[in-house]
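Following: one structure in structure tokens, then a few remarks.
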Number of protein chains: 4
Amino acid sequence: MREKIHCAVIGLGRLGWSHAEYFAGRIPGAHLLAVADVIEDRAVTFAQQYGVPIATTDIEKVLSHPEMDAAVIVTPTVTHASLIQAAIAANKAVFVEKPMTHSLEEAAAITRLVEATHAYCQIGFMRRFDPSYRAMREQIHNGAIGKPLYFKTLSRDPGCPPRSYLQESGRIFVDMSVHDFDMARFLMDEEIVEVTALGGIVHNEFLRSHDDIDQALTFVRFASGTLGDIENSRIAGYGYDTRAEVVGTTGTIQAGALTYHDIRMFNSRGSTSDLFPGFLERFADAYYLELVDFIDRLRRGLPPAVTVEDGYKALALAMAATQSYDEKRPVQVKW
Amino acid sequence: MREKIHCAVIGLGRLGWSHAEYFAGRIPGAHLLAVADVIEDRAVTFAQQYGVPIATTDIEKVLSHPEMDAAVIVTPTVTHASLIQAAIAANKAVFVEKPMTHSLEEAAAITRLVEATHAYCQIGFMRRFDPSYRAMREQIHNGAIGKPLYFKTLSRDPGCPPRSYLQESGRIFVDMSVHDFDMARFLMDEEIVEVTALGGIVHNEFLRSHDDIDQALTFVRFASGTLGDIENSRIAGYGYDTRAEVVGTTGTIQAGALTYHDIRMFNSRGSTSDLFPGFLERFADAYYLELVDFIDRLRRGLPPAVTVEDGYKALALAMAATQSYDEKRPVQVKW
Amino acid sequence: MREKIHCAVIGLGRLGWSHAEYFAGRIPGAHLLAVADVIEDRAVTFAQQYGVPIATTDIEKVLSHPEMDAAVIVTPTVTHASLIQAAIAANKAVFVEKPMTHSLEEAAAITRLVEATHAYCQIGFMRRFDPSYRAMREQIHNGAIGKPLYFKTLSRDPGCPPRSYLQESGRIFVDMSVHDFDMARFLMDEEIVEVTALGGIVHNEFLRSHDDIDQALTFVRFASGTLGDIENSRIAGYGYDTRAEVVGTTGTIQAGALTYHDIRMFNSRGSTSDLFPGFLERFADAYYLELVDFIDRLRRGLPPAVTVEDGYKALALAMAATQSYDEKRPVQVKW
Amino acid sequence: MREKIHCAVIGLGRLGWSHAEYFAGRIPGAHLLAVADVIEDRAVTFAQQYGVPIATTDIEKVLSHPEMDAAVIVTPTVTHASLIQAAIAANKAVFVEKPMTHSLEEAAAITRLVEATHAYCQIGFMRRFDPSYRAMREQIHNGAIGKPLYFKTLSRDPGCPPRSYLQESGRIFVDMSVHDFDMARFLMDEEIVEVTALGGIVHNEFLRSHDDIDQALTFVRFASGTLGDIENSRIAGYGYDTRAEVVGTTGTIQAGALTYHDIRMFNSRGSTSDLFPGFLERFADAYYLELVDFIDRLRRGLPPAVTVEDGYKALALAMAATQSYDEKRPVQVKW
């Protein structure tokens, strides 16, 4: 087992900053050697605050650093493919935020590259590390609900992303449902072979100009004939809301009680608990645990827990859903 | 206000028996004058146990009784239309279990008949009387969630009905979803104008020979552009499960905690509450309250809370969903 | 089985009115022949609204009515003893609200009278008919928690009763804890042999002039050595709150989720459910079911489910708790 | 801000091992320089597994190490006082597990020593770092329940500790209630001035020979006149159970939903969630966060969040409760 993995975080937006904070002292075996961002000040500020040796805008410099073992890519999606390729070319291990890319061709190319080079490349589907979903999966695999028959998830965002983000987010199925497609594969342990996507705009009329919607429902068919549905929306004014359920022959299992702090207030309004304000709070543990696992696997020389194939497949399903929505018909997905 | 409403319960199956028990002493102003069933023994047994004057197989006799005010029809659906017509012809008020009929033509004919005769005819959509759904509706109407944007219900039966019932149940959308269509109209206070029905068999292969399925998902579009989805299944081995949710601009509201008795057991298996074994337990209050309301309105000379128009519209939506499923396309519903 | 029990409700305060409404048409086999109240108008109003033959201020007249079978006493506690005695003298069955009396001597006298005359006299400990507590008791008796080891209840009132009521309420242990002592006997199926009562005024200073308190804690010891505690208060500004728990060797069982309607609202304040505003809402089912049971037992000639002995014992424990509080020492109770 | 705090974990029992794991790579700014245990193998095994430079049985060596900044003491309570004194003499910062000591004289001596030397000494009342309790405290301090009137906690252990531990655990009030006394001070922000302790053996007869009990109830009076109660037991066969509630003039606030993983299983047994198996799982976040805070304060030169005074006061209350139980009377505590 290697003692230290020297790593760089590339991209210090909200999520990148959070990842970098984890690497700066909370992850066993990780040494944060560099942070990079297009805004130099941001990198410098972070580096000073957390004692990181290198702060730069020059990604080339980061990737060519001889002691660097791994690059953590948290930049805008449009830059992912080239950064992954550069990192692999420089012989670095890669952790890349979801989605891997918005282009299925790019995703396929990366998948082939990783296969050819045996590079380490982990996709940031953090939900796979959420203790609830993991416990749910374990129960399903242990037969707690018998044979799984129906899959159901729901992911609602508190609001629409800003216009600038929408431009390159890949529309709702790629931006949001991709997580649910990955959960479908993770929890059901089989492939989806058909998607029927429905939806529309129920609140945010401005999305029309982005060819996007704020409410989606995707009906899915798995290879074995089991079925499921995925609801996504951007209208949850009340908070960040993700739930999952799998119905089996002998029972059903659910995650998502939506309680943030384990306290209940009783007053003249009734009994109240607080909700998760956003994904960073809801998946705080998951984000941490996926990075711990990333470093741990590198130290042990193990393959990644979430592969480029996982990234490719979830994206392929999201693209199929988009096509289904646009063409108003079920779309088959062949693997 | 009339002091007493003399009534007859026609059909003493499980639900009819339960209704008759309510009428036999628990409903203010109701006097159960007769019970009728095709099995004479059943009627006689009930009458003896509860002190009902008339027990018969002869529905004609019941409907022509000069003191009879109202007929409560809880017979198989196939007999509803002719019984309603006979009761109205005999100038009796009618309470009829859902669905009113399986034929849209019959439903339309009854609707016209009721309009022409000004007869009292209440449809047994008992969920409208469930305290949870009523409280939910009141909150929505009071603006508690802002403007409603998305409607969502789920109704799961613990298993498939027997083959004999399936023969004449009208398939899953008419048998089960009809309740959810009525809830959609009740909670959202607007009409559904398009349905897209999806689904399949996930467990009960024998349904294929009945041209039926055990898992359905219906996507609905309301007149104002708001959307929704309805999940129905017959695979809930764990119990009877009905949930509802309406998402609005400022919040979401849910019903269906699925807890039968308000007790929690903590032991080595964890923390456990019991579930509703079936619809009679889940909707015990609702069944009672709809019958109380039926008698109360007759005594006060008020029109029914759930009209033949409500029955017709829910059926029309269920038929449209069946057509959508069969033809694999969205179906518009014109009102 | 007798067809009808002709009964009178004596006392039309909030609870008496509610009881009388149940008798007027909702309870199988009950015929409400008379209502009586010291305020004649109240009785007349009720009688007109619900079609009750007799409305009077003359209790004598009610108790001497030859067709009257039963008297339901819902008058102020101070009048209970003489009314029970008069009713028994007139050979009527009796249902009397809790507490049976505030005087242990009176309670003992009534108990002896009932034993001597074999009169039917049921005490209004309605909690015994609450579906949650009944399910809890059944689970305990079925061994679901192993051997019971610790008993725990909590009853909190939304506020202090009015001064006029406090004058004759018998102080907090007699007014409130009496219900919990009855629950202890009901759920544990054994007798309490020692009580240690503690407490004080935490909010309502005016109680000092009534020699009363607004916060109490009673530690109890059962005959077998098992223990328990009872919390009572009059400070629950948030609603009416009753909870119970019994810990056993293999688990614990709780009642009291405090959710009124089964709906949850999610908005910017979090996730909210409503609470029970008062005991009439919390125990609506229980109040109804105890009266149904009262009539049913009279019709079948069965003894009462809650006896004068139950009334006497709960009162004796409440008196012992009062003594313990006053004398600041544990008080033994001998049976 | 200092970059690194070099620290040693002394005592590698279950909790010490867990603490040492946190220090070995998960706590920003911490460098685990040494681990010590009376069993050399344990220290060596840990050091090899986690790459710790020094593994020893020689505490002297650890405390005299010139680069060592802090000692984390997780040894049996009986050794705490001398280790704290030695560490302070060696000019090291100290983190010591609760209880600080079992002797009030020792606790007072340590308190004086810390005051005199201005040493850094943090007591391991980890519950103060639990996100639920912190959120609860914040709500109370923000006035969410009005003026606090009643405090209530409950801590139940799944079973009795082993006899060897009981010998020197200080009996139930010192071993268990000490946490609740600290929570009382933390949540109510005022001092307890009187305790009345009750209880007995309800299940574990062998405790008699240890002069100990398995069920305790302590009634507390705060300086301002507010009241409260604390239940402790060692009979919770179902899991580890800690709950807290504070009732105020306008509402009540609770912590302790007792749900481990956020999943619910519905099957023929009902609806089930899992419970916390033990304190390590229940307070995993709290244990981590208190150590993060320990290092962070040392780096920033801030005083400890949980002081020796806090340790002394909680112990004094636990001792007073023991005295109250033994002498069967309320015991005043003067500060």
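Every number here is computed from the coordinates shown, using simple stated rules; none is lab data. It should be emphasised that the depicted structure is a prediction, and the values quoted were computed from it without experimental measurement. Here the Cβ positions follow ideal geometry from the backbone for every residue, glycine too, while neighbour counts run over all protein chains shown.
Charge tally for C:ILE172 (other residues, Cβ to Cβ under 10 Å; Lys, Arg +1; Asp, Glu -1): -2. Measuring between their Cα centroids, region C:134-151 and region C:74-125 lie 31 Å from each other. Here the sum of -39500 (n - 2.57) over DSSP H runs of 4 or more residues, divided by the residues of chain B, equals -10500 deg cm²/dmol at 222 nm, to the nearest 500.
Taking only Cα atoms and a 10 Å spring cutoff, compute GNM fluctuations for chain A and point out the largest among A:THR226, A:THR218, A:THR101. So, out of A:THR226, A:THR218, A:THR101, the one fluctuating most is A:THR226.
Normalised Debye scattering of the protein assembly as shown at q = 0.04 Å⁻¹ gives log10 I(q)/I(0) of -0.28, counting only Cα atoms as equal scatterers and leaving out solvent.
Of all beta bridges that DSSP places with both ends in chain B, some 55 percent have antiparallel geometry. Taking the 0 to 90 degree range and rounding to the nearest ten, how far is the long axis of helix D:131-141 tilted relative to the main principal axis of chain D, both from C-alpha atoms? Helix D:131-141 sits at roughly 60 degrees to that axis.
The other copies place their C:GLY143 label points at 2.6, 5.7, 5.9 nm from this one, listed shortest first, where each point is 7 Å from Cα along Cα→Cβ. Out of every Cα-Cα pair that region B:23-104 contains, those further apart than 20 angstrom amount to 32 percent.
Compared with the dominant Cα axis of chain B, that is its longest principal axis, helix B:178-188 is turned about 70°. Note on region D:221-335: Rg/Rh from Cα positions, Kirkwood definition for Rh, rounded to two decimals, is 1.04.
Distant-in-sequence amide contacts of C:LEU198, defined by a placed amide H-H separation under 5 Å and a gap of 5 or more residues or a different chain, comprise C:LEU217, C:THR218, C:PHE219. Looking at region D:10-114, the GluC sites (Glu not before Pro) that sit in a DSSP loop and have at most 11 other Cβ atoms within 10 Å of their own Cβ are D:GLU67. Summing +1 for each Lys or Arg and -1 for each Asp or Glu among the other residues whose beta-carbon sits under 12 angstrom from that of C:ALA108 gives -2. Taking amide H as placed 1.01 Å from N in the peptide plane, the amide H of A:TYR240 sits under 5 Å from that of A:PHE276, A:GLY278, each at least 5 places away or on another chain.
Inter-chain Cβ neighbour count for B:234-241, averaged per residue, equals 6 (cutoff 10 Å, partner chain atoms only). The mean number of partner chain beta-carbon atoms within 10 angstrom of a residue's beta-carbon across peptide C:135-144 is 2. Dividing the alpha-carbon radius of gyration of region B:140-274 by the rule-of-thumb value 2.2 N^0.38 Å gives 1.20.
Spatially close Lys pairs in chain A, defined by Cα atoms under 30 Å apart and a spacing of eight or more places or different chains, total 17.
Can you tally the net charge around B:THR45? Count Lys and Arg as +1, Asp and Glu as -1, for every other residue whose Cβ sits under 15 Å from the Cβ of B:THR45. Net of charged neighbours comes to -2. Residues considered: B:ALA257, B:ALA316, B:ALA119. Largest GNM mean-square fluctuation over chain B, using C-alpha springs under 10 Å, is found at B:ALA257. Which angle from 0 to 90°, rounded to the nearest 10, does the C-alpha axis of helix B:284-300 make with the longest principal axis of chain B? Around 50 degrees separate the two axes. Ascending distances from the D:ASP41 label point to its copies in the other chains, with the point 7 Å along the Cα-to-beta-carbon line: 6.0, 7.6, 9.0 nm.
Dipole magnitude of chain A about its Cα centre, charges +1 at Lys/Arg Cβ and -1 at Asp/Glu Cβ only, in debye to the nearest 20?
Charge dipole, chain A, about its Cα centre: 540 debye, nearest 20.
The rotation axis taking chain C to chain A passes closest to this chain C residue's Cβ, listed with the gap in Å: C:THR272, 2.
Label points for C:ASP189 are taken 7 Å from Cα along Cα→Cβ. From this copy to the others they lie 4.4, 4.9, 5.2 nm apart, shortest first.
Distance between the C-alpha centres of region D:253-329 and region B:197-268: 39 Å, rounded to the whole angstrom.
For chain B, the spherically averaged projection of the C-alpha convex hull amounts to 18.8 nm².
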